[in-house]
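Notes follow the structure.
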Amino acid sequence: MTVERGQRLTLEHVTKRFRREGQSEVAAVNDVTLSVEPGELLTLLGPSGCGKTTTLRMVAGFEQPDAGRIYIGADDVTELMVYRRSIGFVFQNYALFPHLTVFENVAYGLRVRRLPEATIHARVSQVLDLVGLPGYERRFPNQLSGGEQQRVAVARAVVVEPQLLLFDEPLSNLDAKLRVQMRAELSRLQRQLAITTVYVTHDQEEAMAISDRIAVMRQGTLAQVGTAEELYRAPRSTFVAQFIGRVNLVESRVLARSGGRVAVALWDASLSVPGGDGYAVGQRLSLVLRPESLALVAESAKPAEGEVVVPGIVRSRTFLGEKVEYAVEAAGALLQVVAYDPTRRGVVEVGARVGVACDVTAVRVLGAEP
Amino acid sequence: MRNGCVTVGVALLLITGLAGPATAQTINVYTAWPESLSQPIFKAYTAKTGVQVNFIRLSTGELVARATAEKNNPRADVIWGAPGDGFAAAKEAGILEPYRPPTWDRLAAELKDREAYYTAVAKNTLVFMSNAKLLKEKGLKPPASWNDLLDAAYKGQIQTADARTSGTALTRILSIYYAFGRDEDKAFDYQKKLNANVQVYTKSGGGCTIPAALGQAIVCIAHLPDAMEAKKKGYDMVVTFPKEGVAAVIEAVALVKGAKNRDAATKFIDWTFSRDMQDLLDKNQVYMLPTLPGASVEPSVQSLMKEAKLLPVDLDWVGKNRKRLVERWVNEVIKE
Amino acid sequence: MKRDPVLAPAVLVVWGAVALFVLYPLGRLLVLTFWNGGPSLDAVRGLAGDWTHRAALVNSLLLAALVGVAGTALGLAFALLAVRANLPRWIAHGLDAVVLLPLISPPFTAAIALIFALGPRGLISYHVFGLTRVNIYGLWGTLLSETLTYFPIAYLTLKAVLANVDPNLEDSAFSLGARRWRVFRTVTLRLATPGVANAFLLVSAASLADFATPLILGGTKFPVLPTQAFLQITGLYDMRGGAALCFLLLVPALAIFAGQRWFTERRGGSFVTVTGKVGAATRVKTLSPAAVAALAVVCGLVVALVLVCYLLIFAASIVRGLGADNSLSLTHYAHVFSGGLKAVRDTLVIAVICMPVGGLFAVVLGFLVSRTQFPGRRMLEFAAMMNYALPGTIVGIAYLVAFNDAPLALTGTAFILVVCYVFRYSLAGTRATSAVLAQIDPSIEEASASLGARRDLTFRRVVLPLVRPALLAGMTVLFIRAMTAISATIFLVSLDWSLVTVRILEGITNLELGQASAFSVLVIVLVYLAVAVASLTMRRLNAGSLGQAGTLLGG
């Protein structure tokens, strides 16, 4: 199953409105325009209710958009019934047919397409090998573990060689360790098959782990689309900054501007960050400080080269094995700081007076270009 | 598959539906007679002629109602064996066709409708049947008069038919009417008093027989055949007649207008009025008197009927006033 | 949905059937009542003037309310005993078996037996207790008979409700210091309240529609609406009056039904919680030994009474003439299998035809109503239920009026009997289908669609196999009802097709009590067998809860 199978998925101004009881209409998906490159895995990421699942279901054909068009390749599939689209859909709860064996589950789509028996047998065996379940043909879904059911669901979806693969939070019913293991497998499988894939999840770590690109959604619209790195380094809105990873947003203002860089105030110091020409002096903005770019130093320590320090008091400490997360009250705000390898490097107690040192090269302006 | 099932289902239904209508060798009969009485007679006809008699037993009221409802598409060919007043109502409703069997002229005038819409196949009568044991216990003599039943000793101990469902009840109302010299108000006055002693009005004419036989009531006012059946079953019953008289009840037969098997039906009616059938009333112990002169009669029945004072009934008058009489009974007699 | 090529024709066919066999007859009935050359209220006005009809309305409502209360109370007592008293298994099963009896027999068997037992000179009232003034006829007799006949409905409903009250909730209450009675009152009963209300409505509705019991026990002093309608037509030949009475009956019947639906539809804020993880083997503690004893006495008496009634029926079937000639004899059974054979055969044929037709109809309807969207879906659901909600008398008369002549002359055929049963008794199958489907995530059907299967293929390959238990449940209910129904079908029997229940009623009125009893025993045995077979099959299909009598008979 290494045939090149990549079609471009395009959504243009897709909108879906729902009317809730007694209230006015609400746009679950509002004017979304998006495209997924052939063979790419794009994740729709966002909190619950943001419209990601609705968007996915419209791509599948389970829901009909109220406005906009959807294209698979060059074909306008907006009006096409589900069973006519060439898709593979993996459900959150797997949706395996309980009354059919694993073999029959996987073979279902092939039987619908009336392929010859021999072909069906061959393909089913092949795909079960692919997902790591050889010999499972005779079992029933209720005899399988969660992870195994997941794989059967995936096998069933890919065996029909769809043009588009759609995942609806497929890992959220698995426990944490299994989730990590499975996402690696899904990622590997998708790359091997090179099917254009749309993946929906609310777990940003998962999204970052497997996606080629991530589309962050909020309240029905796209907040930002980009690679994991782009989203992490250069979030364009408070929402995205706070949704991807953990962040400290510090209020600041422009002090001076010159040659593509701006001087901004950070605590008592000023530093120079990439900025561009769109800023005016005195303009208020937010600075993005990731916890890992902050470190705890002795209270009286002098700032090193390329560092800005602010005094503070440790308010909470959470030991997580490989790291410790601190919340430090400094400069009138609660800063999140993370320190790695605490077993070797030591841990700071709650209530200690410390200095928080910030590496200026890691500071970004919120909304600026990466 | 669903479509297949639906097709099969529909086919099944059509087949069974079409299997409904009778073949030429069948006639369809509505009768009010209990099966134990009617079935042997119909079987005899089948044995003689090979024609199947398809019948259904309904109470008089249901029978007339059903036939009337089917007016435009009658299912029955013959209404065979029901009290005359039912036929009077049927005639009013226009569902009968006049027909004279060959022996028609030999039948007495009071045994047939003037215009031959219906003809009496047997004579029946109302009786008082009493539980012998209970009578003895209470030191009562068997009731010999309508007024006897007003006695306080009978309070809650009388059962008889409900006029809304049973032809027998109408016979009772008519009997009282004629017994009181056709004074309707006096008759209904009596019935109001009688009502106080009635335990329950039964759905069918003979419905009080077993309760009386079992001792749940002392007296049951019903037809003679019911009483004789009870005695035959071994129950200890005493049969008496009110001295003021009872209405002469005729059990009649009529041809349904628009009958689908008209020829077979008329042949059946002809047979009904032949010696062949009329003798069966005696042979089968039906306990009703035959109407054809010369037919054999069971001696005990004959002597019993001799005791009765049978009052003649004007069936045409009954036909016109039936509904009013029943409504009057409902509104005056049984009202709380 | 608009573009779904399979849904539209399916919906049209179902709508067509429902319109033809539910709405059209009722419409004809409406026309008969309210149209006399022009729109007219004469028929209804005429009713208001007649004291028996006014009395009938009052009596019907009064009786329904009383039977509802008594039946629910009794049902609750039995349910508590069954669920909360830790009875030994054989007693629990025995209880179930006895309580089932009234539900699987023709509805008036209790009435007949009571006349034997408690009537004047009754075997119990007179021969055992020496009472002579007991009057079994009228309100009290009818109330007793109907309560005995219908309390099992409440029992089955409440048993399910009580069994579903999460014991963890009661345990929390105990842990907070509440004592038994308080927990029962404030937690158990409160959670069960909708179930109790539902049971009350079910029993009341059954009483309201009961035609045969009041016919036998009501006497003239206690008329009720269904019996009055029947008598108006068959006694006074007044179709219009009968139809008008039907409408008097329609209003409370529909009101009760609407109320009952409302209780079962409340999913939001559901009172009955069914959690997947039940506290490990919590000892159910809410019945004290004293309470158990009291309940046992009450229930024991009722069980004894029910058993006596059925023993009387059985006895009557094997002696020559109960009360007079008590010699053993099989003549009655001989008659059942000779003269009565036609009725037995006809009834079985009809019942067997009903099963697949009605069963499939119920499943399709259940699927359409609970899994698809189309305009008028709620209306279709409601319309399809109407023949069930309405008392049988109304349906029977409506069918008589509508199908007696052109354009569709169907009376007298097996077709109309089958149709009558299918549209009256498919609701259980539809509900069972909805219940089963509710446990199946809709994503399964979506998965099938995503793999390329069209709607009908999905129905055939995925839905139908999964709702097999519901199909079976629906078919069993149809069989049972077809064997025991009387109030609608008494108007529809004909020369060609006779039914056992009608023969029983005739037998009673003709005093062929031995025969009537023999027929009754036969029906009871056949139905019992059907229920047993169905339950066993369901257990094998792993759908135990559906196979329980509750679903099969309570609905």
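Given H placed 1.01 Å from N in the peptide plane, which residues other than close sequence neighbours of A:Thr221 have an amide H under 5 Å from its amide H?
A:Asn30
Restricting to bridges with both residues inside segment A:9-242, how much of the DSSP beta-bridge set is antiparallel, in percent to the nearest 5?
In segment A:9-242, DSSP labels about 55 percent of beta bridges as antiparallel.
Report relative contact order for chain C in percent, whole number only (criteria: Cα-Cα under 8 Å, sequence separation at least 6).
Relative contact order comes out at 21 percent.
Summarise the partner chain shielding of C:458-467 as one whole number: the mean count of Cβ atoms from other chains within 10 Å of each residue's Cβ.
Neighbouring Cβ atoms belonging to other protein chains average 3 per residue here.
For chain A, which longest stretch is free of loop sites, where a loop site is one of the trypsin sites (Lys or Arg not before Pro) that DSSP puts outside H, G, I, E and B and that has at most 16 other Cβ atoms within 10 Å?
That gives A:247-370 as the longest site-free run.
For segment C:1-46 and segment C:376-395, compute the distance between their C-alpha centroids and round to whole Å.
Using only Cα atoms, the two centres lie 11 Å from each other.
Helix A:117-130: angle to the longest alpha-carbon principal axis of chain A, degrees 0 to 90, nearest 10?
Between helix and principal axis, roughly 20 degrees.
Short version: ³J(HN,Hα) in whole Hz for each residue of segment C:38-47, in order, from phi by Karplus 6.51 cos²θ - 1.76 cosθ + 1.60 (θ = phi - 60°), x for Gly and Pro, what are they?
x, x, 8, 9, 3, 4, 6, 4, x, 5
Could you list which residues have their amide H under 5 Å from that of A:Ala269, counting only those 5 or more apart in sequence or on another chain, with H placed in the peptide plane?
Hits under the 5 Å cutoff: none.
Once phi is turned into ³J(HN,Hα) by the Karplus curve 6.51 cos²θ - 1.76 cosθ + 1.60 with θ = phi - 60°, what whole-Hz value does each residue of segment B:252-267 show in order, with x for glycine and proline?
Working through the residues one at a time gives 10, 9, 8, 8, 7, 5, x, 4, 6, 10, 4, 4, 4, 5, 5, 4 Hz.
What area, in nm² and to one decimal, does the C-alpha convex hull of the protein assembly as shown cast on average over all directions?
If you wrap the Cα atoms of the protein assembly as shown in a convex hull and average its projections, you get 61.4 nm².
Viscosity 1.002 mPa s, temperature 20 °C: Stokes-Einstein D of chain C from its Kirkwood Cα radius, in µm² per second?
87 µm²/s
Simple spin-label model, 7 Å along Cα-to-Cβ: B:Ser145 to B:Asp263 in nm?
6.0 nm
Restricting to chain B, what percent of DSSP beta bridges are antiparallel, rounded to 5?
Just about 60 percent of them are antiparallel.
Treat each spin label as a single point 7 Å out from the Cα along the C-beta direction, and report the B:Asp270 to A:Ala304 distance in nm.
According to this spin-label approximation, the distance is 13.1 nm.
So who's got an amide H within less than 5 Å of the one on B:Leu96, skipping anything under 5 residues away but keeping other chains? H placed 1.01 Å off N, in plane.
Those qualifying (amide H under 5 Å, at least 5 residues apart or on another chain) are B:Lys257.
Hey, for a label at B:Thr49 modelled as a point 7 Å past Cα toward Cβ, could you say which residues of segment B:274-292 have their backbone N under 11 Å away?
Answer for this model: B:274.
Whole-Hz ³J(HN,Hα) for each residue in segment C:149-159, computed from phi via Karplus 6.51 cos²θ - 1.76 cosθ + 1.60 with θ = phi - 60°, x for glycine and proline: what do you get?
The phi angles translate into 6, 10, 4, x, 4, 5, 4, 5, 4, 5, 4 Hz.
How many percent of DSSP beta bridges within the protein assembly as shown run antiparallel, rounded to 5?
About 70 percent, rounded to the nearest 5.
All of the numbers you see were taken from the coordinates with simple rules; none came from a lab. What you see is a predicted model; the values in this text were computed from it and never measured. Cβ atoms come from the backbone with ideal geometry, glycine included; neighbour counts cover every protein chain shown.
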